[in-house]
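Trainee: Below is the structure I would like to discuss, written out as structure tokens.
The values are calculated or read from the model by the stated rules, or taken from the named source; none is laboratory data. All of these numbers come straight from a predicted model, not from anything done at the bench. Note: ideal-geometry Cβ built from the backbone for every residue, glycine included; neighbour counts use all protein chains shown. These area figures cover heavy atoms from the full protein model, side chains too; ligands, DNA and RNA do not enter into them. Shrake-Rupley method; radii C 1.70, N 1.55, O 1.52, S 1.80 Å.
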Amino acid sequence: MEALRASYGDSSSDSDTDDLSPAVSASANSGEKSIAGRESISLPPPPLDLLDSIGSTGSVDFYSTEPGVRVRNFPHVDGNYALHVYIPVSIPLLPKKEIVYFLKRVASVVPHLHLVEADVPLSILCKDEQKLEHALGREFHISLGRSVPLRVHQINSVVSLLRQKLQFQKRYWIDFNKWEGFVNDDCTRSFLSLEITTSGLSEISKQIDAVNEVYKLHNLPEFYKDPRPHISLVWALGDIRTSLKGAVDRELRKLRAGDCVQNRIFTSKFGGIICKIGNKTHKICNLPDE
């Protein structure tokens, strides 16, 4: 048991994924409430010193309240480890430049925004477009289940059942085609995200159902009843969905006036599912590059 604990890090250990994966992912990606040509080229991940310089937290079970301060999304309990099941996503190079421009415009009218997992305000990063582009080169997440605490004796069973249900997956395309604002369950944090409403939605919904089955068998809280898969890019304290919606709508109106609105913001190819428990990453399924 001690060896198992050592391999997963400290109890209630942070993880280097964001809670923005879906939604009270999320992270970013797990459980946030809503307001409401295929690209495959991407840059390599940003260098570690760059991420350090913008205050990357690399955590699922923490969120920032101010620079240098983090608060747990759920209380620390000895013997618990943060569980996060997600699809990793990288933003291709050309759409990344357009996203940088869009985020700069939103940040100019909505204060106190931060890039996901970064403590430095987005307004500061926007002063160095190249650094912001590199920061967006990190891995983002589509959460397939809530980020929840998992007991040490449940780890092997959860991983085994996830692989049993999700091991054999076919490749498909994911279209991120809608800017959307989300808020976490207790309305303490808002997110500006890219939602999936067309291609990929059906496949991801089935994967969420499979993860829910595993969670239910382990008495873990299931995902939201009507999940809206997305990746979250920026966050702010409090419920600022109205401000985010206003800024997004204004920018979209400008793009429409210039006939610049596209059917999709970017497209990603599904490449696998990851289960992160504490400090340890488990590949649930992995599709090799074609």
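Trainee: For segment 141-166, enumerate the residues that are among the charged types (D, E, K, R) and either in a loop (DSSP other than H, G, I, E, B) or crowded, with 23+ Cβ neighbours inside 10 Å (or both).
Mentor: Arg146
Trainee: Out of (1) under 25 Å from Asn80 (Cα atoms); (2) open to solvent by less than 10 Å² (accessible area, probe 1.4 Å); (3) not basic (Lys, Arg), the odd one out for His282 is which?
Mentor: Of everything listed in (1) under 25 Å from Asn80 (Cα atoms); (2) open to solvent by less than 10 Å² (accessible area, probe 1.4 Å); (3) not basic (Lys, Arg), His282 misses just condition (2).
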